[in-house]
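This report refers to the structure that appears directly beneath it.
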């Protein structure tokens, strides 16, 4: 689950060097879109995923165009503060009764969750679906980045967006595409989260968003495989902490990992040191 969110963080950072703190709230909006698609319109599961992914991608593109694009050449702190502001706006605006409302909602499961045991470990079918969705997303992203024209544009913009623009790359379109595809994955994650933990509210994206960001840093922010690796380590650490210590420490272990990786290897496990000329 963290990996699907962390992929968006790491892609956006890799392109525009921005920590998009509103990304966790886009994940929340995707879960609510899926909720209404199932509860009110009774759409099939494939259509639910499409609605959540498409709606989340559209929201992210609008956020990028309205809030981030005007600050592209501003100091990084301005964009960072704006990202926090967008996050708070999404949380409290959607909490209005006219939008989603402040209450908790029971997410209707479109299929029955079945558990089975493998080697003494209990696994559910939804966990298998989440793992499969993450691996498929990773493979698809790797293909887009390294085998398509838009992926070549993404790598060029990541290296130097000014020079990429001079070479004919539509920088604004590439950045919007990056925001959109990352948000679409977060929307898919929102649907899976609702099915796995069938209770949603407008602040549900805060902690998963923070932990996914930490997972991206752990794996090497800017690295797509690193985001998945960091997320798997994060999830395993939380589970082991809950099993062998206490669930009280479950959230704290994430921030201990963040401090450790920043002290030990600030670039992350798969991250690379970037040299910048003066």
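The values are calculated or read from the model by the stated rules, or taken from the named source; none is laboratory data. This one's a predicted model, so the numbers in the text were calculated from it and none came from an experiment. All Cβ positions, even for glycine, are placed from backbone atoms using ideal geometry, and neighbour counts span all protein chains on display.
Any idea which residue in the range 170-206 is surrounded by the most Cβ atoms within 10 Å (Cβ to Cβ), counting only those that are in a helix (DSSP H, G or I) and without any contact (Cβ under 8 Å) to a residue 40 or more places away in the chain? The residue in question is 177. Among the residues of the range 49-91, count how many are closer than 27 Å to residue 195 by Cβ and without any contact (Cβ under 8 Å) to a residue 24 or more places away in the chain. Looking only at that region, the number is 3. Of the numbered criteria (1) touching a strand residue (DSSP E or B) at 6+ places or on another chain (Cβ under 7 Å); (2) crowded, with 24+ Cβ neighbours inside 10 Å, the one residue 209 fails is (1). The set of residues from the range 1-28 being under 20 Å from residue 93 (Cα atoms) and either surrounded by fewer than 24 Cβ atoms within 10 Å (Cβ to Cβ) or in contact with a strand residue (DSSP E or B) (Cβ under 7 Å, 6 or more places away or on another chain) (or both) comprises just one member, 21. Restricting attention to the range 133-155, the residues that are assigned to a helix (DSSP H, G or I) and over 13 Å from residue 185 (Cα atoms) total 13.
In the range 141-169, the residues that are in contact (Cβ under 8 Å) with a residue 60 or more places away in the chain reach residues that are surrounded by 18 or more Cβ atoms within 10 Å (Cβ to Cβ) and outside any helix (DSSP H, G or I) with C-beta atoms within less than 7 angstrom, at least six apart or across chains, in these pairs: 157/169. Scanning the range 203-215 turns up one or more residues that are more than 19 Å from residue 7 (Cα to Cα) and touching a helix residue (DSSP H, G or I) at 6+ places or on another chain (Cβ under 9 Å).
The test for being under 17 Å from residue 27 (Cα atoms), touching a strand residue (DSSP E or B) at 6+ places or on another chain (Cβ under 7 Å) and at pLDDT 90 or above does not hold for residue 99. For the range 233-267, the set of residues classified as touching a residue at least 12 places away in the same chain (Cβ under 8 Å) and outside any helix (DSSP H, G or I) consists of 250, 251, 267, listed by residue number. Consider the range 100-132 and keep the residues that are assigned to a loop (DSSP other than H, G, I, E, B) and free of Cβ contacts under 8 Å to residues at least 12 places away in the same chain. The one that is surrounded by the most Cβ atoms within 10 Å (Cβ to Cβ) is 114. Restricting 230, 226, 271 to residues that are buried (at least 18 other Cβ atoms within 10 Å of the Cβ) and part of a loop (DSSP other than H, G, I, E, B) narrows the list to 271.
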